[in-house]
Structure formats: C-alpha cells, structure tokens
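Colleague: Below you will find the structure I want to go over with you.
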Amino acid sequence: MHRREFLNILAIAAASGAALSSRDLWAADRATAFYDLPKFGNVHLLHMTDCHAQLKPIYFREPSVNLGFGGALNKAPHLVGEHLLKAFGVRRGTREAHAFTFLDFEAAAKTYGKVGGFAHLATLVKQLKASRPGALLLDGGDTWQGSATALWTKGQDMVDACLALGVDIMTGHWEFTQGAARVKEIVEKDFSGKIEFLANNVKTTDFEDLVFKPYTLRQMNGVPVAIIGQAFPYTPIANPRYFTPDWSFGIREEDMQKTVDEARSKGAKVVALLSHNGMDVDLKLASRIRGIDAILGGHTHDGVPGAIPVKNPGGTTLVTNAGSNGKFLGVLDFDVKNGQIADFRYKLMPVFSRLLAADSAMDALITKVRAPFEAKLNEPLARTDAMLYRRGNFNGSFDQLILDALMESKNCEIAFSPGFRWGTSLLSGQAITREHVMDQTATTYSHTTVSELTGGTIKTVLEDVADNLFNPDPYYQQGGDMVRVGGLQYTIDPLAAQGKRISDIRLGGQLIEAGKTYKVAGWAPVSEAARDTAAAGKSEPVWDVVETWLKSKKRITARRLNTPKILNGGGNQGMA
Amino acid sequence: MNLQRRTTLKTGASFALIAAAVSAGVLPTSAFAQWNKNAFDAKTLNDVVKAMGGTTAEKSGDIAITAPDIAENGAVVPIAVASKLANVESIAILVEKNPNALAASFDILAGTEANVGTRVKMGQSSNVHAIVKAGGKYYVATKEVKVTLGGCGG
C-alpha cells in the first residue's frame, strides 16, 4: 500500500469517527487478496446487471435517500449509509463500506479509485470462472444503454463487449428502447449460439405468443440448472411504447409458476430467475411463487451485500440485487447433494479497477470501439466545483444541473427531469466532458420539450410518479426515482393515498393554481407526438442544451438541491 | 410467435371461427340482440347487479381475473375472467371508474368453459370487478388496474 493511500484511510476513518484497529489496516493492506473467494459447492452463478453501457471505470455514489414504507420499512434494499453497514456487518471506513454506501464518498473515492470497467470486470470473471468450472455468467439487462458509444453504435459496442466477456444468458429492459427490430437482430444474429436472451413475460399483443425463449436448462457439474428470464414488466409504460408496439410485458405470476413447474418437471434441481423486476417486486414475487431457489435481480440498482431469504408455500427463495454501472459482480454458489440444495454462499463483489488488472483483450476491444469517438468524448465542457451525482429518491446534483440548464436555456420557470437511476458521478474539481453529459442523458428519445401545463396537470404528474415510487404494493411500482423538479417547491407524504401525497406546491413562494397555465421544460417524453415533433427538427436533444449551457458557464458552482419537504420520513433508515 | 394461428385467421377461415365462437356463447351479448340497456347504463357495482336481476354479489375466491397491474395502454386493457363456480350462467366485467361501469357481459351456455377475455378502455386507475352469475346467485371478484402517465422509469 502506498503511504498516501494509508494516510487517506486514516483520514477517512478519522472523519467518520470509526475506531481504527490494526486489523482494519492489515485488511486494507491485503488489498490484492480482496478477490480471493474460495469455491463452494457445485453450481455457480455469476451475476452482473444494469451496467448501463459503462465500458470504462467510473465513480458511482450510492444513494443517501432510498425510502421504503410498509413491509419495506427499514429493510434491504431500503437502507442507506450506516443503516446498511450495520444490517450487513460492514465496517465503516473500509473498502466495502465505500462500495455499498455514499458515506465519505469523495474522500473514499479518491482513496480507492474508480469502480467497474469491462476490462477489470473481465479479469474478475476469468478468475471466478477458473476457480468455478461450469459457472454461468448472467446479465440482468440495461446493458445496451447509458453511454454515448452505446447510443451511437446502436448498442453494438456493448453487444461485442458482452460476447467477449463471456455472458451466457441475459434478459432486458432499456435494450428494448433500441427498438424491437434491433433487439431481434442482435438476439438472432450476434447472440445466436452464444448468448441466450430469455424473457418469460414478453408476449405478442395480439395472440399472447412468447417473443423470446422463457427459460433454459443447463447441465452444470452433473446438476440440471434452469435459468428463467424476466424482462422489466413495465417497459412500454416507463419507456415509449412505440419502440415495441407489438409486444406486451407485465409481471405475469401465473406464467412464472407454470414455467418454474415445467423446469422442475424436466429435472431442474436448481431454478434461478434472472430478473429485471426491481428488488421490491422480486421480494413480493418470491413470497408468492413456489420452486424458485434464487432471484438474481436488478433494475432498482440496489447494491445489497447479502442474499435475502423469503419464505413461500414451496420453501425459501433467495433474493439478490447487484447494483449498477458495472460496479459489482454477484457470486452465488449452491452445494447440490443428492438432488437437493444443501447450502449456499453469496457475495456481491465490488469491482475496484485499481485492484484488478485490465484484461488486455477486453481493453483492446474497448480502445478500438472508442477510437472513432475518443476526441469527441473527452472534450471538456466545464469544470465542476462540487461533486455531481444522480442516484437517490429526489434531486441529485447532476439532475439539478440539468434542470437549471433547461430552465435557463428554455426560459421556463419550471422544469422536470426523469427519475432515472443510471448516470455516473463526478468528484469536485473534475472537468465535465461530453462523455459525462451523455452518461446522464443518452437515450433514444432524449428530446427536450416545452409545455404549457396547468397547475392541476402539474399536480397530476407529481402524484402519478409518486405513486410509481411509493405505492404500498410493489407490483404497482415502476422502480424509478421521483421526477426531478426545478423551480417548484412541494411537500410529499409517501404514506398518503394515491392522489393525495403531494401538497403545498409553490412557485416563488406562491401556491400554484389548478387552473393557471405554467411553462414547463422537460426531456425524454414518451409520447409519439413528442417523437414526431423531434423528427421534424423542432426539438433539440437535451445533451445539446446542457452542453451549450455548460460551455457558457465554464465553471459550475455547487448546485442548490431543490428537494421536497418529506413527511413521515422520521426514523426511516432509507434516509441518512 | 405462432405463425400458423395468424395465417389461419388471415385466410378466410376467420368467419367460421367467429361463427363458432358466437354459437358457443363466448362473444359479448352486447354485440348482438339482447342489449341490457339498464345494466350498461349503470354507474356502480350494485346497480349493475340489480340491472342484471340480482340484489347483491358475494365475494368469491373461485373467480380469477387476469389483468395487468399497470395498463400498458389504457385504450386497450386486456381483461380475462375464469370461474371455477358450478353452473355459471353469465360473466360481466365492470370498470368502476368508467363513465358506464359495465364493459362487457357474456352469457355462458351449459357445457361451456367459464373463461372469457376482452379488451376494455380505461381512462384512469380503477378497480375492475368480475360478476359471475352461477346457480342463480351473483358472485364478484375485484382487481385494481392502474393507468399511469408513463415515463420516468428506472
């Protein structure tokens, strides 16, 4: 360990008030042994999810607000900071604590460096596949979207990287925003015979025929293992329906039970669900479906250190969630004896790019893919004084930047920005490059909009999104965060009934009026009308608006976060 | 995707299929002669039950409603109802918050499987009720279907 790193650890530990022991320091010094995970059992599933096309190492700050209520109150994944560390026995001031929480984020990020990156992930995957013969690498989706290069190559950079990484099975969500034809092209051509794209819940809208293979049965070290795929159930609602007009999604519990039963009847001794439901939906599903041994989940970007056991009429189902942005790789080992699971081990391994040497073949592939775009990607647009991040139930600082840019550029007093959970983080003092802006905005429908909305409509929008986040029944949640709001102040009571959560909506201190019209800027509209406006050249993409604004400012001062007043949040361990 | 089924429908056999469906009693009676105007004008669950000739409907666990938790398109929400009750005579589908609650009513002839499906239009989130008349009595099951503005996901 370098002396600088040692001093930084001391500084972090001191800042966080944690007691330093020689054991901590010794552990930190054994950084190279960080990835030694002894093989266990005979069935091995490696799980990555929601990398959002981040091929290169990045910073990613975990949320400080991730509220859960009702059955989800003060339980994983609705634990942040110290609460999460305590629940999973992780010591503050350690490398793991940095990976799983926002605590001391900037100082720790400087100490431990960036996370993720496919070249580093490839090294870890190789190491684990070597120690675990037969292991399958599962990709939970949200892989072909989230970066400039994924957008500009129509996902091809990620398709090639996943083939090189050795992904065996995947399911999807943002993949579908590449359009049905493109998804089919990749699945039927690029992936043919190499990666199986599974979805038990995607059917044609006319006859309800399956669009993709629902599950696959593999032999692993003499054990028949079934993997079922579950795509994001609300894709045509959360994203534009025009990308997949002939496909219907949904949770489809009945179909899931039938598929599990079929896999069991064909001899599967281990049944795992590769899910893009989101963790709250997975936890409910696990309590109702019999016969699934583990749900390897994503979508909600929850870096949960442990597997959560959920009881159901058929036994117990383990539920995991493997975070986002290439930051983690989940390792689930089952020991199957005489056709029964005797025991298991689960570890969510953070991918620290400084600890894992870049795999040279993957590194070369990434360099080649980026070469035509490198200059464009690296162009600095401005410098940020303060840390920029997105993730959290309410406005993150990068969202605030986008809202501020929209309001100023479009001359609007109010702006909305979607509650996406992807988007990387920047440390204070960093240059904001074009690539960073694209990391926050790169979708296939990132047009800007300026709308005249009545106060009544504004309230309806806020209520609608709040219900997608806080409906007490997870099956009615969509897994995004609250819409980011610029200009308006409001109060939210997550425990109130649908349509009654939002109150005291003010603009410049004045209550908004239901019948009065307000000018609202936004981006990423889901309607076909908005698409047609953009196609007619009447609407610019949001990255252009942000870029122009950044260049005009040159230096970005710390943003003032416009977060709502939250009622009934006291004692909630999903809030720092 | 079942191409054969699609082709079958495209090649003119569709008339025969629809005719068969009508005679089997699985198409909404609303499409044909027996129009129960009072039932289709009713605004609430109880009014519909009354217009259908009953008094109240008893909750039943033997009725399964298959519908999305969140509608993908409020203009065409697929709703299916299956009943395990004995001697089913009719199945009605109600959308509580629609201007006219009753969306469809199906007569189930003896020997027909009590399993029907249709698509309904929904302007807002609402409870969807399935009323099953069986052995002269009325039974009901309920499921909430949410209709949202969309966007802003994950």
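Rule-based calculations on the coordinates, nothing more; no lab input. Treat the numbers as computed from the prediction; the structure is a model and nothing was measured. Don't worry about glycine lacking a Cβ; one is built from the backbone with ideal geometry, like all the others, and counts go over all protein chains shown.
Colleague: Report, as an integer, the average count of C-beta atoms from other chains found within 10 Å of each Cβ along A:235-248.
Modeller: On the way: counts 3, 5, 13, 7, 5, 2, 3, 0, 0, 1, 1, 1, 1, 4.
Per residue, the number of nearby Cβ atoms from other chains is 3 on average.
Colleague: Go through region B:127-136 residue by residue and turn each phi into a ³J(HN,Hα) via Karplus (6.51, -1.76, 1.60, θ = phi - 60°); whole Hz please, and just put x for glycine and proline.
Modeller: 6, 10, 10, 10, 9, 10, 9, 9, x, x
Colleague: Could you work out the local net charge near A:Leu406, counting Lys and Arg as +1, Asp and Glu as -1, over the other residues with Cβ closer than 12 Å to its Cβ?
Modeller: -3
Colleague: Below 10 angstrom from the Cβ of B:Asn98, what's the summed charge of the other residues (Lys, Arg +1; Asp, Glu -1)?
Modeller: +2
Colleague: Could the peptides B:41-51, A:372-382 be put in order, highest first, of the mean number of other beta-carbon atoms found within 10 Å of their residues?
Modeller: Numbers: B:41-51: 17.3, A:372-382: 14.8.
Per-residue Cβ counts within 10 Å, averaged per peptide and sorted highest first, yield B:41-51, A:372-382.
Colleague: Same structure, new question: Neighbouring Cβ atoms within 10 Å as the yardstick, rank A:Arg555, A:Arg391, A:Arg241, A:Arg506 fewest first.
Modeller: Values: A:Arg555 9, A:Arg391 25, A:Arg241 18, A:Arg506 13.
Least to most surrounded, the residues fall as A:Arg555, A:Arg506, A:Arg241, A:Arg391.
Colleague: Just add up the charged neighbours of A:Ala130: K/R +1, D/E -1, any other residue whose Cβ is under 13 Å from the Cβ of A:Ala130.
Modeller: Neighbour charge sum, excluding A:Ala130 itself: +2.
Colleague: OK, next. HN-Hα J couplings of region A:517-528 from phi, Karplus 6.51/-1.76/1.60, θ = phi - 60°, integer Hz, Gly and Pro as x?
Modeller: With the stated coefficients, region A:517-528 comes to 9, 10, 8, 10, 8, x, 7, 6, x, 9, 7, 5 Hz.
Colleague: Cα extents of region A:259-311 along the three principal axes, largest first, in whole Å?
Modeller: 33, 18, 17
Colleague: What FRET efficiency, computed as 1/(1 + (r/R0)^6) with R0 = 51 Å and r the Cβ-Cβ distance, is obtained for A:Gln489 and B:Thr112, rounded to the nearest 0.05? Mind showing how you got there, number by number?
Modeller: Details: r = 59 Å, r/R0 = 1.15.
Using R0 = 51 Å, I get an efficiency of 0.30.
Colleague: Using the alpha carbon gyration tensor of region B:33-147, what are the three equivalent-ellipsoid semi-axes (square root of 5 times each eigenvalue), largest first, in whole Å?
Modeller: In descending order the semi-axes read 21, 16, 13 Å.
Colleague: Compute the distance in nm between two label points, each set 7 Å from the Cα along the Cα-to-Cβ direction, one at A:Asp261 and one at A:Ala497.
Modeller: Rounded to a tenth, the inter-label distance reads 3.7 nm.
Colleague: Would you mind putting A:519-528, A:297-306, A:352-361 in packing order, based on average other-beta-carbon counts within 10 Å, highest first?
Modeller: The most tightly packed comes first, giving A:297-306, A:519-528, A:352-361.
Colleague: What does the structure give for A:201-210 when I average, per residue, the other chain Cβ atoms found within 10 Å of the residue Cβ?
Modeller: 3
Colleague: Same structure, new question: Using a Förster distance of 41 Å, how high is the FRET efficiency between A:Glu408 and B:Ala75, based on the Cβ-Cβ distance and rounded to 0.05? Before the final figure, lay out the partial values.
Modeller: Numbers: r = 38 Å, r/R0 = 0.92.
The formula returns an efficiency of 0.65 here.
Colleague: Label points 7 Å out from Cα along the Cβ direction at B:Asp47 and A:Gln340: separation in nm?
Modeller: If labels sit at B:Asp47 and A:Gln340, their model points lie 6.0 nm apart.
Colleague: What's the ranking of A:482-489, A:85-92, A:250-257, A:166-173 by average number of surrounding C-beta atoms within 10 Å, highest first?
Modeller: Details: A:482-489: 22.6, A:85-92: 16.2, A:250-257: 18.5, A:166-173: 24.5.
Most protected by this proxy first, the peptides run A:166-173, A:482-489, A:250-257, A:85-92.
Colleague: Follow-up. Quote the FRET efficiency, to the nearest 0.05, computed for B:Thr55 versus A:Ala529 with a Förster distance R0 of 51 Å and r equal to the Cβ-Cβ distance.
Modeller: Details: r = 47 Å, r/R0 = 0.93.
Working from the Cβ atoms, E equals 0.60.
Colleague: So, one more: Considering only Cα-Cα distances, which of the following residue pairs are longer than 22 Å: B:Lys84/B:Lys133; A:Lys269/B:Lys84; A:Lys129/A:Lys184; A:Lys129/A:Lys347; A:Lys376/A:Lys538?
Modeller: Exceeds cut-off: A:Lys269/B:Lys84; A:Lys129/A:Lys184; A:Lys376/A:Lys538.
Colleague: Can you tell me the Rg and Dmax of region A:221-343, counting just the alpha carbons, in angstroms?
Modeller: Rg, Dmax (Cα atoms, Å): 15.0, 49.
Colleague: Using a cut-off of under 20 Å, list every residue of region A:200-226 whose amide N is near the label point 7 Å from the Cα of A:Ala181 along the Cα-to-beta-carbon line.
Modeller: Residues A:204-206, A:211-212 fall inside that zone.
Colleague: Measuring from the lowest to the highest alpha carbon on each principal axis, how far does chain A reach, largest first, in angstroms?
Modeller: Result, largest extent first: 70, 66, 51 Å.
Colleague: When you look at the Cβ of every residue in B:70-79, what mean number of other chain Cβ atoms sits within 10 Å?
Modeller: Partner-chain Cβ atoms within 10 Å, mean over residues of B:70-79: 4.
Colleague: Further, regarding this structure: Taking a spot 7 Å from the Cα of A:Arg383 along the direction of its beta carbon, which residues of region A:413-433 have an amide N less than 20 Å from it?
Modeller: Inside the label zone: A:425-433.
Colleague: Follow-up question, since we're still on this one. Any chance you could get the radius of gyration and Dmax over the Cα atoms of region A:168-272, in Å?
Modeller: Radius of gyration, then largest Cα-Cα span, for region A:168-272: 14.1, 44 Å.
Colleague: Still on this structure, I have one more. Fewest to most neighbouring Cβ within 10 Å: what's the order for A:Met407, A:Met349?
Modeller: A:Met407, A:Met349
Colleague: Once you keep just the Cα pairs under 8 angstrom separated by 6 or more residues, what percentage relative contact order results for chain A?
Modeller: Relative contact order of chain A: 18 percent.
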